[in-house]
1. In region 125-158, which residue that is β-branched (V, I, T), open to solvent by less than 30 Å² (accessible area, probe 1.4 Å) and at pLDDT 85 or above is nearest to the chain's Cα centre (by Cα)?
2. Restricting the search to region 44-57, which residues are part of a helix (DSSP H, G or I) and either acidic (D, E) or touching a Ser or Thr at 6+ places or on another chain (Cβ under 7 Å) (or both)?
3. Residue pairs, Cβ under 6 Å, 6 or more apart or interchain, first in region 84-99 and closer than 21 Å to S198 by Cβ, second open to solvent by 50 Å² or more (accessible area, probe 1.4 Å) and at pLDDT 85 or above. List them.
4. Could you tell me which numbered condition V192 fails, if it satisfies all but one of (1) among the aliphatic types (A, V, I, L, M); (2) under 28 Å from D274 (Cα atoms); (3) modelled with pLDDT of 85 or more?
5. Against the conditions (1) of a type in the set (S, T, Y); (2) open to solvent by 40 Å² or more (accessible area, probe 1.4 Å); (3) touching a residue at least 24 places away in the same chain (Cβ under 8 Å), where does S47 fall short? Just the number, please.
6. Which residue out of G291, G303, G287 is in contact with an Asp or Glu (Cβ under 9 Å, 6 or more places away or on another chain) and either at pLDDT 85 or above or within 28 Å of T40 (Cα to Cα) (or both)?
7. Just give me the residues in region 72-83 being in contact (Cβ under 8 Å) with a residue 12 or more places away in the chain and open to solvent by 50 Å² or more (accessible area, probe 1.4 Å), in sequence order.
Amino acid sequence: MDTTTRAAKIPSLHQTEINWDNLDKTKLYVVGAGMFSGVTVALYPVSVVKTRMQVASGDAMRSNALATFKNILKVDGVPGLYRGFPTVIIGAVPTRIIFLTALETTKAASLKLVEPFKLSEPVQAAFANGLAGLSASTCSQAIFVPIDVISQKLMVQGYSGNARYKGGIDVARKVIKADGIKGLYRGFGLSVMTYAPSSAVWWASYGSSQRIIWSALGHLHNKEEAPSQLKIVGVQASGGVIAGAVTSFVTTPIDTIKTRLQVMDNENKPKARDVVKRLIAEDGWKGLYRGLGPRFFSSSAWGTSMIVCYEYLSQLPSPVLCS
């Protein structure tokens, strides 16, 4: 194999950033949907544990993530870790398609927007990725919030005095009967306030940290030496963990308040400030950070898995190139 052929097979540094133009859209929506659904299956129990911790009352408030996990297994077995899962997986594919489409198109436009300002690469990446994450999360909330409301009610049914349901359809029927369609969008404002900034912070942290890591490895300004695929995935995974840590710390309080509001019975409709007061009264300011550990793990693992899936999809042969 000559030098030219070998170089063509090794990505240059500018190609290590996942790019909308480099992805085959059919693979993204078909193969990607299956891969992301698999990630959802693997990480769903973490969301159940986080939600249980956030709505806990009485002695259950003192349980950590491991104790909560063991209690779910003891009381409900493995099925308890997947309460509400059918509802989530049905909504996951359209939500993810909307999210990824908005994310990549906005990121591409944002990079062109900041190019004339000659900012440093970490700053450019933070701005473009952050704006893309904000846009993507906001667009996907229309589908995500009703799914979130139904699944969270199923996750905590019968726990800490919460009502029991026969399934997702039963939840939707009772919520609509009691509160109309708007009941399915309870906490919509807080969801946007939670997931839009969360997504913005995650993608901004990921984009900038990846540039910083590449700079530390001596690759950022080295246009000749291309990094290996293993190093690319390693840097992307490290960026995902850093992004998960930053995002979890910044947004967990809002997520805790949102979760509490969404699982309340329809007859009991406190305002966000009432939830905050109760959390602080019960557990001090640390009550706002209930479920921080599972949220950090979920955010880091989900983001890193998605990046690895992205990398895999970007490396699949394109039908055009194979013809």
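The values are calculated or read from the model by the stated rules, or taken from the named source; none is laboratory data. It should be emphasised that the depicted structure is a prediction, and the values quoted were computed from it without experimental measurement. Every residue, glycine among them, receives a Cβ derived from its backbone with ideal geometry; neighbour counts consider all protein chains shown. In case anyone asks, the SASA skips ligands and DNA or RNA and just uses the protein heavy atoms, side chains included. Shrake-Rupley method; radii C 1.70, N 1.55, O 1.52, S 1.80 Å.
1. Applying the filter and picking the extreme gives V145.
2. Across region 44-57, the qualifying residues are V46, S47, V49, K50, T51, R52, M53, Q54, V55.
3. From residues that are closer than 21 Å to S198 by Cβ, the pairs are G91/I143; P94/I143; T95/I143; T95/F144; I98/C139.
4. Single failed check for V192: (3).
5. Looking at each condition in turn, S47 falls short on (2).
6. Working: G303 fails: in contact with an Asp or Glu (Cβ under 9 Å, 6 or more places away or on another chain); G287 fails: in contact with an Asp or Glu (Cβ under 9 Å, 6 or more places away or on another chain).
Among G291, G303, G287, only G291 is in contact with an Asp or Glu (Cβ under 9 Å, 6 or more places away or on another chain) and either at pLDDT 85 or above or within 28 Å of T40 (Cα to Cα) (or both).
7. The answer is Y82, and nothing else.
For every residue, the table says whether it meets (1) under 23 Å from the mean Cα position of the chain (by Cα); (2) assigned to a helix (DSSP H, G or I); (3) over 29 Å from L279 (Cα atoms); (4) at pLDDT below 90.
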position	(1), (2), (3), (4)
L66	yes, yes, no, no
F69	yes, yes, no, no
L73	no, yes, no, no
P86	yes, yes, yes, yes
G91	yes, yes, yes, yes
R96	yes, yes, yes, yes
F99	yes, yes, yes, yes
A102	yes, yes, yes, yes
A108	yes, yes, yes, yes
